[in-house]
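Right, one structure below, let's go through it.
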Amino acid sequence: MNPDMFFLLASVLFSIGLVGIVSRRNLFIVYISIELMLSSINLILATLSKLSNDPAGSVMALIIIAVIAAEAALFLAIIIHLNRLRRSIDSDDFKDLAQSEVK
């Protein structure tokens with residue numbers, strides 16, 4: 001097992017996710033990019049856990065997977081609601097939500 005290949009793969013996945021978040025306006029693409037970044041972190045944790053024979057990294061990876069599942073349910077519900085509300089999932093269409101006043 002060569003850990004350098006796992007770290008290289010994780011850094012490529014993280015970079016693709018970061019570029020997706022910064023460059024795209026589609027909320028679904030942003031969601032997928034966040035998932036890629038979290039998966040790359042899981043890959044690093046699992047690799048470090050295997051290298052050090054310490055299960056703490058694997059436990060942390062499992063916790064992150066649980067957070068990913070909860071985040072997926074919440075984020076997809078928000079995307080579906082916004083799509084029904086505005087008929088769009090482009091992030092530029094929702095800038096006025098951040099500037100609206102709470103009554």
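The values are calculated or read from the model by the stated rules, or taken from the named source; none is laboratory data. Predicted model, so just to flag it, every value in this text is computed and none were measured. So basically every Cβ, Gly included, is an ideal-geometry build from the backbone, and we count neighbours across all protein chains shown. All accessible areas refer to the heavy atoms of the entire protein, side chains included, with ligands and DNA or RNA removed. Shrake-Rupley method; radii C 1.70, N 1.55, O 1.52, S 1.80 Å.
Assorted remarks:
- Measure of compaction for the chain (Cα Rg per 2.2 N^0.38 Å): 1.34
- Cα→Cβ-extended label distance, 7 Å offset, between Ile21 and Asp92, nm: 2.2 nm
- When Rg and the Kirkwood Rh are both derived from Cα coordinates, the Rg/Rh ratio for the stretch 10-55 amounts to 1.15.
- 1.4 Å probe accessible area per residue over the chain, in Å²: 70 Å²
- Accessible carbon and sulfur surface of the chain relative to its total accessible area, %, 1.4 Å: 69 percent
- Ala70/Leu8 FRET efficiency (R0 22 Å; Cβ-Cβ; nearest 0.05): 0.15
- Size of electric dipole in the chain: Cβ of Lys, Arg +1 and of Asp, Glu -1, about Cα centre, debye, nearest 20: 280 debye
- Taking amide H as placed 1.01 Å from N in the peptide plane, the amide H of Asn26 sits under 5 Å from that of Ser91, each at least 5 places away or on another chain.
- Counted charge near Ile80, where neighbours are those whose Cβ lies closer than 14 Å (Asp, Glu -1; Lys, Arg +1): +3
- Placing unit charges on the Cβ atoms of the charged side chains and taking the dipole of the chain about its Cα centre, the candidate lying farthest along the positive direction among Leu48, Leu82, Gly20 is Leu82.
- Residues Ser52 and Gln99, FRET efficiency given R0 of 41 Å [Cβ-Cβ distance, rounded to 0.05]: 0.30
- When shorter helices are ignored and each DSSP H run of at least 4 residues is given -39500 (n - 2.57), the per-residue value for the chain at 222 nm works out to -28000 deg cm²/dmol.
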